[in-house]
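Quick notes on the structure that follows.
The values are calculated or read from the model by the stated rules, or taken from the named source; none is laboratory data. Bear in mind that the values here come from a model prediction, so they are computed numbers and not experimental data. FYI the Cβ positions are ideal-geometry reconstructions off the backbone, even for glycines, and counts take in every protein chain you see. Protein only, heavy atoms only, side chains kept; ligands, DNA and RNA dropped before computing areas. Shrake-Rupley method; radii C 1.70, N 1.55, O 1.52, S 1.80 Å.
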Amino acid sequence: MTAFTGFSTEALDFYDDLELDNTRSYWTRHKAVYDEQVRVPMAALMALLEQEFGPAKIFRPYRDVRFAKDKTPYKTHQGAFVRTAEATGWYADVSAAGVRVGAGFYSAGPDALARFRRAVGDGVHGPALERLLAKLRRAGWEIGGDQLKTSPRGFTGDHPRIELLRHRSLVINKSYGFEPVIHSAELADRIRRDWRQARPLVDWVAANATG
């Protein structure tokens, strides 16, 4: 396994150019750059984190365009995901915008979503989640996810946690952008620290919704 030394400026430039020329001809001409500067470092990074968090899925670079209006063939980022439960776990990606990390659940079927909302509405689990998210926000995480515009069935608009109840997915994200650390081996330690910080949320979701 190649040692992880960070992501090079060539990796970011590759995606910068891909956003302008998302074609098979560009990809073919620069595939060696993708392999050497993007995919190999991402695999090395995930290998360093595997012992503590588990094996990662490194996503394919090709977009599924079968039902999409946007027919550009290639993703403009390289993501990796460590799964702990259905659609739940830790995430990292590299793109023209630099490096980003995340955690949470990115989708949920009807049963999991119903369990999530019951837990959020509960007088014990719901406040615990609020406290977790408040702590993560203070630590620099952004709270996101897909949300309903209206109140979910069975809950009124005056519920004290109505904003959380509207979530159909719940994720936290932190961007390193172009910080110098993304070009160094230290990035692995930073992400390890971030994922440890996010573990209580991942565990809450797995225990109360998607697990």
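Where the eigenvalues come from the Cα gyration tensor of the range 81-146, what are the semi-axes √(5λ) of the equivalent ellipsoid, largest first, in whole Å?
On the way: eigenvalues 115, 57, 15 Å².
They are 24, 17, 9 Å, listed largest first.
Would you work out which of Leu136, Ala97, Ala119 lies farthest towards the positive end of the dipole of the chain? Charges go on Cβ: Lys and Arg +1, Asp and Glu -1.
Looking along the dipole axis, the top candidate is Ala119.
Treating each Cα of the range 1-63 as an identical point scatterer and ignoring solvent, apply the Debye formula and state log10 I(q)/I(0) at q = 0.12, 0.16, 0.18 Å⁻¹.
Relative scattering, expressed as log10 I(q)/I(0), comes to -0.34, -0.57, -0.69.
With an 8 Å Cα cut-off and a minimum separation of 6 or more residues, compute the relative contact order for the range 103-211 in percent.
Values: 107 pairs, mean separation 48.1, N = 109.
Over the range 103-211, the number comes to 44 percent.
Quick one: 3J(HN,Hα) in Hz for the range 193-206, Karplus 6.51/-1.76/1.60 with θ = phi - 60°, rounded, Gly and Pro as x.
For the range 193-206, the Karplus curve yields 5, 4, 5, 4, 5, 7, 4, x, 5, 4, 5, 4, 5, 5 Hz.
Cut-off 10 angstrom, C-alpha nodes, Gaussian network model of the chain. Which of Leu148, Leu136, Leu18 fluctuates the most?
Leu148
Report the Stokes-Einstein translational diffusion coefficient (µm² s⁻¹, integer) for the range 142-211, Rh taken as the Kirkwood radius over Cα pairs, at 10 °C with viscosity 1.306 mPa s. If you can, show how the numbers build up before the last one.
Numbers: Rh = 14.6 Å.
Translational diffusion coefficient: 109 µm²/s.
Taking only the Cα atoms of the range 8-110, how large is their convex hull per residue, in Å³? Before the final figure, lay out each step's value.
Working: hull volume 11.4 nm³, N = 103.
Each residue corresponds to 110 Å³ of Cα convex hull volume.
Nearest 20 debye, what's the magnitude of the dipole of the range 131-211 about its Cα centre given +1 on Lys and Arg Cβ and -1 on Asp and Glu Cβ? Please report the intermediate quantities before stating the final value.
Details: 15 positive and 9 negative charges, 52 e Å.
For the range 131-211, the charge dipole is close to 240 debye.
Where the only charges are on Cβ atoms (+1 Lys, Arg; -1 Asp, Glu), what is the dipole of the chain about its Cα centre, to the nearest 20 debye? Display every interim value, and only then the final one.
On the way: 31 positive and 26 negative charges, 159 e Å.
Around 760 debye, computed over the chain.
Calculate the dipole size of the range 1-44 relative to its Cα centre from +1 charges on Lys and Arg beta carbons and -1 charges on Asp and Glu beta carbons; express the result in debye to the nearest 20. Mind showing how you got there, number by number?
Working: 4 positive and 8 negative charges, 50 e Å.
Using only the charged Cβ atoms, the result is roughly 240 debye.
Can you classify the range 123-178 as rounded, prolate or oblate using the Cα gyration tensor, where a ≥ b ≥ c are the square roots of its eigenvalues, rounded means a/c under 1.5, and otherwise it's prolate if a/b beats b/c and oblate if not? Working shown, then result.
Values: a/c = 3.29, a/b = 1.64, b/c = 2.01.
It is oblate, given that a/c is not under 1.5 and a/b is not larger than b/c.
Residues of the chain: accessible area per residue at 1.4 Å, in Å²? Don't skip to the answer; put the middle values down first.
Working: 11220 Å² over 211 residues.
That works out to 53 Å² for each residue.
Within the chain, what whole-number % of the accessible surface is contributed by carbon and sulfur, with the 1.4 Å probe and all protein chains included in the calculation?
Working: 5770 of 11220 Å².
Reported share for carbon and sulfur atoms: 51 percent.
Say a site is exposed when it is one of the trypsin sites (Lys or Arg not before Pro), sits in a DSSP loop, and has at most 11 other Cβ atoms within 10 Å; what is then the longest site-free stretch of the chain? Mind dumping the intermediate values first?
Numbers: sites that count: Arg66, Lys69, Lys71, Lys149, Arg153.
It works out to 72-148.
Roughly speaking, what is the centre-to-centre gap between the range 133-171 and the range 176-211 when only Cα atoms are used, to the nearest Å?
20
P(r) for the chain: what percent of alpha-carbon pairs falls in each 5 Å bin, starting at zero?
Histogram of Cα-Cα distances, whole percents per bin: 1, 7, 14, 17, 16, 15, 12, 9, 5, 2, 1, 0.
Taking amide hydrogens as modeled 1.01 Å from N in the peptide plane, which residues meet the under 5 Å criterion relative to Tyr74, leaving out close sequence neighbours?
Arg63
Within the chain, count lysine pairs with alpha carbon atoms under 26 angstrom apart where the residues are 8 or more positions apart or belong to different chains.
The result is 12.
May I ask for the distance between the Cα centers of the range 21-47 and the range 48-125, given as a whole number of Å?
Taking the Cα centre of the range 48-125 as reference, the centre of the range 21-47 is 20 Å away.
Just to check I understand the Karplus step: with θ = phi - 60° and J = 6.51 cos²θ - 1.76 cosθ + 1.60, what whole-Hz values come out for the range 43-50, glycine and proline as x?
4, 5, 4, 5, 5, 5, 8, 4
Relative contact order (percent) for the chain, with alpha-carbon contacts under 8 angstrom and 6 or more residues of separation? The partial results should precede the final answer.
Numbers: 323 pairs, mean separation 53.5, N = 211.
Answer for the chain is 25 percent.
Could you tell me what fraction of 2.2 N^0.38 Å the Cα radius of gyration of the range 35-93 comes to, as a two-decimal ratio?
Numbers: Rg = 13.1 Å, N = 59, 2.2 N^0.38 = 10.4 Å.
Ratio of Rg to 2.2 N^0.38 Å for the range 35-93: 1.27.
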